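Asker: Right, I'll just put the structure down here and ask away after.
The values are calculated or read from the model by the stated rules, or taken from the named source; none is laboratory data. Since the structure is predicted, the reported quantities are computational estimates derived from the model, not experimental observations. Here the Cβ positions follow ideal geometry from the backbone for every residue, glycine too, while neighbour counts run over all protein chains shown.
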Amino acid sequence: MNNEIIIQEMWFANRNAISKRFYLGIINQRKLTEAGFTTPEWLTFNQARNNWLKIKAGSKWIVVKYEDKVEVEERKGDKIEKKTVPYVRFHTVFNIEQTEPVKV
């Protein structure tokens, strides 16, 4: 029972700081939780740059896996069939504690 509580807390703990979407998957959650930051919000390098933040020197990134499906149309002769195709992307993310405002 105690392990179930820990897994549930990990599952909903870490999210993207900009989009507010939660990182799904126990492997992602485990890697992000074990990184040891007190803030469970993460962002990519480009998200930081686009929001006037910079990554502090010496910061270490963590790779997260993103899985989704896209619906595509496939033409077979005169027929068009819709097909669902899974895809995977990998993103490197930094914790929000590893950022600081850009000085202008």
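Asker: Picking from Glu9, Glu34, Glu4, which residue would you name as being over 30 Å from Val102 (Cβ atoms) and either loosely packed, with under 11 Cβ neighbours inside 10 Å or modelled with pLDDT of 90 or more (or both)? Spell out the reasoning first.
Answerer: Details: Glu9 fails: either loosely packed, with under 11 Cβ neighbours inside 10 Å or modelled with pLDDT of 90 or more (or both); Glu34 fails: over 30 Å from Val102 (Cβ atoms).
Only one candidate passes the filter, namely Glu4.
Asker: Only one of these is closer than 30 Å to Glu100 by Cβ, in contact with a Ser or Thr (Cβ under 6 Å, 6 or more places away or on another chain) and of a type in the set (Phe, Trp, Tyr): Trp52, Trp61, Trp42. Name it. Quick ask: steps written out before the conclusion?
Answerer: On the way: Trp52 fails: in contact with a Ser or Thr (Cβ under 6 Å, 6 or more places away or on another chain); Trp42 fails: in contact with a Ser or Thr (Cβ under 6 Å, 6 or more places away or on another chain).
The unique qualifying residue is Trp61.
Asker: Next question. So Pro101 clears everything in (1) at positive phi; (2) loosely packed, with under 10 Cβ neighbours inside 10 Å; (3) of a type outside the set (A, V, I, L, M) except one condition, right? Which one?
Answerer: Pro101 satisfies every listed condition except (1).
Asker: Which numbered condition trips up Pro86, out of (1) surrounded by fewer than 10 Cβ atoms within 10 Å (Cβ to Cβ); (2) in a helix (DSSP H, G or I); (3) not β-branched (Val, Ile, Thr)?
Answerer: For Pro86, the exception is condition (2).
Asker: I've got another one for you. Any idea which of Tyr23, Tyr66 is closer than 20 Å to Phe90 by Cα, modelled with pLDDT under 85 and not polar (S, T, N, Q)?
Answerer: Details: Tyr66 fails: modelled with pLDDT under 85.
Unique residue meeting the criteria: Tyr23.
Asker: From Val93, Val104, which residue is over 24 Å from Ala13 (Cα atoms) and among the β-branched types (Val, Ile, Thr)?
Answerer: Values: Val93 fails: over 24 Å from Ala13 (Cα atoms).
So the residue among Val93, Val104 that is over 24 Å from Ala13 (Cα atoms) and among the β-branched types (Val, Ile, Thr) is Val104.
Asker: Assess whether Pro40 counts as being without any contact (Cβ under 8 Å) to a residue 40 or more places away in the chain and exposed (fewer than 10 other Cβ atoms within 10 Å of the Cβ). Quick ask: steps written out before the conclusion?
Answerer: Values: without any contact (Cβ under 8 Å) to a residue 40 or more places away in the chain: yes; exposed (fewer than 10 other Cβ atoms within 10 Å of the Cβ): no.
So Pro40 fails the test.
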